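Quick notes on the structure that follows.
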Amino acid sequence: MPGSAEVVDAVIRVAGLSKTYASGFQALKSVDLQIRRGEILALLGPNGAGKTTLISIICGIVNPSGGVVMVDGHDIVRDYRQARSRIGLVPQELTNNLFDTVWATVSLSRGLFGKAPDRAYLEQLLRDLSLWDKRREKMMALSGGMKRRVLIAKALAHEPQILFLDEPTAGVDVELRRDMWNMVRGLRERGVTIILTTHYIEEAEEMADRIGIVNHGQLILVEDKALLMRKLGKRRLTIQLQQPLHELPASLASQALELSADRCSLVYSFDAQGEQTGVADLLRSLAREGIEFKDVNSSQSSLEEIFVGLVHGSNQQREQA
């Protein structure tokens, strides 16, 4: 099963997790996942794939139908308080008491977890999120971006060891996105484990240590990002031609070769990990055909292309089953 390989220092262990709602909809199907202490794990998947349900169960918001979840050695059902105290959650929805001030909101969140007051810590937290000047304002007076900053401050108020970010940058401004990722990097340096879901795949590509892909309630893959890119990423060779080419010669039809829309370049896809890339043979074939080129550029497929390919393949398998 994806993600079932033993992780020595796993702060979260999920085994056989399933969730079926009263309507009969099966949101999760026997999910196994181990999350390493201090890593950033990005969960990717289409809308409705089960990402938020998975996070909600681990955080104790939704009850599982089956399976076991352990958070830092504590069962989320039998030892709920201990498990939940280790977790901070930044949800998708803006959920705050609009009549409270920013300071009261964050202070209350810390107190709910039984933490002693620590004004210096909360002040630094608000300063890091550019909220210190807003501390006396009521929540109703804040912009949407500022309200989301408060959600992050609430999640971090009790100094959790694990932070869940559920679509944290959806609809926020560039400045908040930059501040948030700077904070995430700082938290990881202090040993905080971070799990995020995002539709901005470039963020996962930049930030994550590992990638998990969820589709139709199943965890179809969990892999180190760098290894995933090497194993599944294709390389592309873009050959810029001296003269436009009206069509590919018949002798090149068997090659993994495409003519660009402007007919001024050829794009060749190949497996960089393979013993034979075919690049040398391709260049010789072009010379035999008298096709001259002025430049050659190589690039690797992005995480987004890998993600789309995996989800598409998963959907095809599901339809054939």
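The table below gives the values:
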item: Residues located in the range 238-273, provided they are modelled with pLDDT of 75 or more, surrounded by 13 or more Cβ atoms within 10 Å (Cβ to Cβ) and not in a loop (DSSP other than H, G, I, E, B); result: Thr238, Ile239, Gln240, Leu241, Leu252, Leu257, Glu258, Leu259, Ser265, Leu266, Val267, Tyr268
item: Lone qualifier among Arg78, Arg84, Arg13 - being assigned to a loop (DSSP other than H, G, I, E, B) and of a type in the set (Lys, Arg); result: Arg78
item: Which listed residue, of Ile201, Ile211, Ile220, is crowded, with 24+ Cβ neighbours inside 10 Å, assigned by TED's automatic domain parsing to the domain that holds Gln34 and among the β-branched types (Val, Ile, Thr); result: Ile211
item: Pairs, first hydrophobic (A, V, I, L, M, F, W, C) in the range 95-117, second in a helix (DSSP H, G or I) and surrounded by fewer than 18 Cβ atoms within 10 Å (Cβ to Cβ), C-beta under 6 Å, six or more apart; result: Leu98/Met140
item: Every pair of residues 6+ apart whose Cβ atoms lie under 7 Å, when the first sits in the range 60-87 and is farther than 24 Å from Gly217 by Cα and assigned by TED's automatic domain parsing to the domain that holds Ala157 while the second is in a loop (DSSP other than H, G, I, E, B) and of a type in the set (A, V, I, L, M, F, W, C); result: Ser85/Phe113
item: Selected residue [among the small types (Gly, Ala, Ser) and in contact with a Gly (Cβ under 6 Å, 6 or more places away or on another chain)] from Ala155, Ala204, Ala170; result: Ala155
item: Gly48 vs. criteria surrounded by fewer than 23 Cβ atoms within 10 Å (Cβ to Cβ), touching a residue at least 24 places away in the same chain (Cβ under 8 Å), out of contact with any Phe, Trp or Tyr (no Cβ under 9 Å at 6 or more places or on another chain) and not in a strand (DSSP E or B); result: no
item: In the range 87-111, the residues that are β-branched (Val, Ile, Thr), assigned to a helix (DSSP H, G or I) and more than 30 Å from Asn63 (Cβ to Cβ); result: Val102
item: Pick from the range 281-298, criterion in contact with a strand residue (DSSP E or B) (Cβ under 8 Å, 6 or more places away or on another chain) and surrounded by 12 or more Cβ atoms within 10 Å (Cβ to Cβ), ranking: modelled with the highest pLDDT; result: Ile291
item: Search result, residues across the range 112-146 that are in a loop (DSSP other than H, G, I, E, B) and either of a type in the set (S, T, N, Q) or outside the structural domain of Met180 (by TED's automatic domain parsing) (or both); result: Ser130, Ser143
item: Selection within the range 126-150 - modelled with pLDDT of 90 or more and closer than 20 Å to Asp173 by Cβ; result: Leu126, Arg127, Leu131, Trp132, Asp133, Lys134, Glu137, Met139, Met140, Ala141, Leu142, Val150
item: Single unsatisfied condition, Arg136 versus (1) without any contact (Cβ under 8 Å) to a residue 40 or more places away in the chain; (2) surrounded by 15 or more Cβ atoms within 10 Å (Cβ to Cβ); result: (2)
item: Any chance Ile61 is surrounded by fewer than 16 Cβ atoms within 10 Å (Cβ to Cβ) and farther than 16 Å from His158 by Cα; result: yes
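Yes or no, residue by residue, for (1) basic (Lys, Arg); (2) over 20 Å from Thr52 (Cα atoms); (3) in contact (Cβ under 8 Å) with a residue 60 or more places away in the chain:
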{"position": "Asn182", "(1), (2), (3)": "no, yes, no"}
{"position": "Arg188", "(1), (2), (3)": "yes, yes, yes"}
{"position": "Glu206", "(1), (2), (3)": "no, yes, no"}
{"position": "Val214", "(1), (2), (3)": "no, no, yes"}
{"position": "Gln218", "(1), (2), (3)": "no, no, yes"}
{"position": "Leu221", "(1), (2), (3)": "no, no, yes"}
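The values are calculated or read from the model by the stated rules, or taken from the named source; none is laboratory data. Only a predicted model underlies this, so the values are computations on that prediction, with no experimental measurement involved. Using ideal geometry, Cβ is built from the backbone for each residue, glycine included, and neighbour counts are taken over all protein chains shown.
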